[in-house]
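Single-structure report; data block below.
The values are calculated or read from the model by the stated rules, or taken from the named source; none is laboratory data. This structure is a prediction, so every number in the text was calculated from the model and none was measured. All Cβ positions, even for glycine, are placed from backbone atoms using ideal geometry, and neighbour counts span all protein chains on display.
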Amino acid sequence: MAASVLLMSMSVDGYIAGPNDAPGNPGGDGFLRLHEWYKTADGDFGRPEGPAEVIWDELHATGAVLVGRRTAEQVDYYGGDHHGVPIFVLSHQPAPSAAEKYPTVKFVTDGIEIAMAQAKAAAGDKDVLVHGAYTAQKALEAGVLDELQIDQVPVLFGRGLRLFDVLPAQIELDVVRVIDTPTATHLRYRIRR
């Protein structure tokens, strides 16, 4: 059965964005440090070589993306193309005119449960890729997030935006996989029901 999987790079102290995170500075100061594990042998961002390449492959094998509005706006809705799959944007407000130029982007204002159901239906037998701290927290709270892929980068940010600052209760996880590399420790968890 297809799963909903949060994919997030994170500092050891829990930050997914640096300070001054804003539309003109997506991810905040120092954000790219959290994604250096995506670098190829020639230094470009892309499919990493070695054991972490499986994470890149899994990301690009998903059948839909569910993302929060703030994250979607900061990345200009991925230019309407996140590896060729439908993009569902969780929002309290209807789509702004800026999103209308991207036919693969659909705004969902009926809540996280409806947004996840639509994303899973679109994904078919493939996983749903989840992005955004707020969206992840809402999905956890509603019980519609199945797995976490946390790529823990060996750096302490000390400030910025944390992934799990607000949760409704303690959530137990089962370890599915650990891939340790010099640039990140890749931790995959299944949410215990």
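For the condition of a type in the set (D, E, K, R), at pLDDT 95 or above and closer than 20 Å to Val85 by Cα, what is the one hit in Glu172, Glu147?
Glu147
What single numbered condition from (1) at pLDDT below 95; (2) outside any loop (DSSP other than H, G, I, E, B) fails to hold for Gly50?
Failed condition: (2).
Determine whether Gly63 is closer than 25 Å to Lys106 by Cβ, in contact (Cβ under 8 Å) with a residue 24 or more places away in the chain and out of contact with any His (no Cβ under 8 Å at 6 or more places or on another chain).
yes
When you check Phe157 against the structure, is it buried (at least 20 other Cβ atoms within 10 Å of the Cβ), closer than 25 Å to Asn25 by Cβ and not charged (D, E, K, R), yes or no?
For Phe157, the condition - buried (at least 20 other Cβ atoms within 10 Å of the Cβ), closer than 25 Å to Asn25 by Cβ and not charged (D, E, K, R) - is met.
Read through the list (1) in a helix (DSSP H, G or I); (2) among the hydroxyl-bearing types (Ser, Thr, Tyr); (3) in contact with a helix residue (DSSP H, G or I) (Cβ under 6 Å, 6 or more places away or on another chain), then give the number of the only condition that Thr71 fails.
With respect to (1) in a helix (DSSP H, G or I); (2) among the hydroxyl-bearing types (Ser, Thr, Tyr); (3) in contact with a helix residue (DSSP H, G or I) (Cβ under 6 Å, 6 or more places away or on another chain), Thr71 is out only on (3).
Every residue in the range 135-162 that is of a type in the set (Lys, Arg), touching a helix residue (DSSP H, G or I) at 6+ places or on another chain (Cβ under 6 Å) and over 22 Å from Phe107 (Cα atoms), please.
none
What are the residues in the range 177-189 that are surrounded by fewer than 16 Cβ atoms within 10 Å (Cβ to Cβ) and in a strand (DSSP E or B), if any?
Answer for the range 177-189, where residues must be surrounded by fewer than 16 Cβ atoms within 10 Å (Cβ to Cβ) and in a strand (DSSP E or B): Arg177, Val178, Asp180.
With in contact with a helix residue (DSSP H, G or I) (Cβ under 6 Å, 6 or more places away or on another chain), more than 20 Å from Arg188 (Cβ to Cβ) and not basic (Lys, Arg) as the only criterion, which of Pro23, Pro19 stands out?
Values: Pro19 fails: in contact with a helix residue (DSSP H, G or I) (Cβ under 6 Å, 6 or more places away or on another chain).
Criteria check complete, one pass: Pro23.
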